[in-house]
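The structure appears below as structure tokens.
The values are calculated or read from the model by the stated rules, or taken from the named source; none is laboratory data. Just so it is clear, the model here is predicted, and its values are computed rather than measured. Glycine gets a Cβ as well: all are built from the backbone with ideal geometry, and neighbour counts include every protein chain shown. Remember, those area values only see protein heavy atoms, side chains included, never the ligands or the DNA or RNA. Shrake-Rupley method; radii C 1.70, N 1.55, O 1.52, S 1.80 Å.
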Amino acid sequence: MSAIPVPRPSRLPRRAPAAALGALVLALVTLLTGAGTARAALPTPVSAATARSYLASIAVSAESHASTYDRALFPHWITVSGTCNTRETVLKRDGSNVVTDSACASVSGTWFSVYDNASTTSASSFDIDHVVPLAEAWRSGAWAWTTGQRQGFANDLTRPQLIAVSASSNRSKGDQDPAHWLPQTSYRCTYARAWVQVKYYYGLSVDSAEKSALSSILNGC
């Protein structure tokens, strides 16, 4: 009785066409790198539930001392390690394939702005945004801080306070709070969670319109 042939699993051709191999490699690269764009690595904010709890305990107060604000009262960018200052550290953290020179300046890499979906290969076209702007912090209580406390706030790499974003989105934001400016819709939940965490940690107040805007976002997270 002759043996019944057992079907063998199909194999890829020994030599796949170059185009097919190229497509496979591109697909893998896209999967692993998110289409080649770097996503800003903001320290992960607290959960929406925790942010709602924090927001409920933050003092609500009208902003004050606006006329006495001076950006120089918040010393930045300070040296973090070796020749790297805070700005350079965030650019390296938030970029992809970042190469720096002996002075720690980014000479190549890719950056993606979560505020507005802009991307760049030129670090000079991106700003380091203070999620809670320095002027906003001043009006919310930082006017009473020491210079050392303001320096710590302006260079905080531990809380979700510093992020590399497009210069255009950062200029559009200025020193406005969430009642007056927000990033693109897909990033608003993360932004609100970060904002509340920073304000809670530093004991800063919120005004009524700001609290209302944050509550609305967090309730939808």
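Among residues of segment 96-115 that are farther than 18 Å from Ala167 by Cβ and in contact (Cβ under 8 Å) with a residue 60 or more places away in the chain, those with a beta-carbon under 6 Å from a residue that is part of a strand (DSSP E or B) and open to solvent by 30 Å² or more (accessible area, probe 1.4 Å) at least six positions away or on a different chain give the pairs Ser96/Thr110.
In summary, strands (runs of 3 or more DSSP E) completely within segment 74-169 and bearing 2 or more residues that are modelled with pLDDT of 95 or more and over 12 Å from the mean Cα position of the chain (by Cα) occur at 79-81, 96-100, 106-112.
Every residue, every condition in (1) in contact with a Leu (Cβ under 6 Å, 6 or more places away or on another chain); (2) open to solvent by less than 30 Å² (accessible area, probe 1.4 Å); (3) more than 14 Å from Tyr201 (Cβ to Cβ), yes or no:
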| position | (1), (2), (3) |
| --- | --- |
| Thr110 | no, no, yes |
| Ser122 | no, no, yes |
| Ala135 | no, yes, yes |
| Gly141 | yes, yes, no |
| Leu157 | no, no, no |
| Ser168 | no, no, yes |
| Lys173 | no, yes, yes |
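Residue-level analysis places Pro178 outside the set of residues that are within 20 Å of Pro43 (Cβ to Cβ), in contact (Cβ under 8 Å) with a residue 40 or more places away in the chain, open to solvent by less than 30 Å² (accessible area, probe 1.4 Å) and assigned to a loop (DSSP other than H, G, I, E, B). Does at least one position in segment 191-203 carry a residue that is in a loop (DSSP other than H, G, I, E, B) and surrounded by fewer than 16 Cβ atoms within 10 Å (Cβ to Cβ)? Yes, segment 191-203 has at least one match. Scanning segment 82-97 for residues that are farther than 17 Å from Ala154 by Cβ and open to solvent by 30 Å² or more (accessible area, probe 1.4 Å) yields a total of 5.
Within segment 144-154, is there a residue that is touching a residue at least 40 places away in the same chain (Cβ under 8 Å) and surrounded by fewer than 16 Cβ atoms within 10 Å (Cβ to Cβ)? Looking for residues that are touching a residue at least 40 places away in the same chain (Cβ under 8 Å) and surrounded by fewer than 16 Cβ atoms within 10 Å (Cβ to Cβ), one finds at least one in segment 144-154, hence yes.
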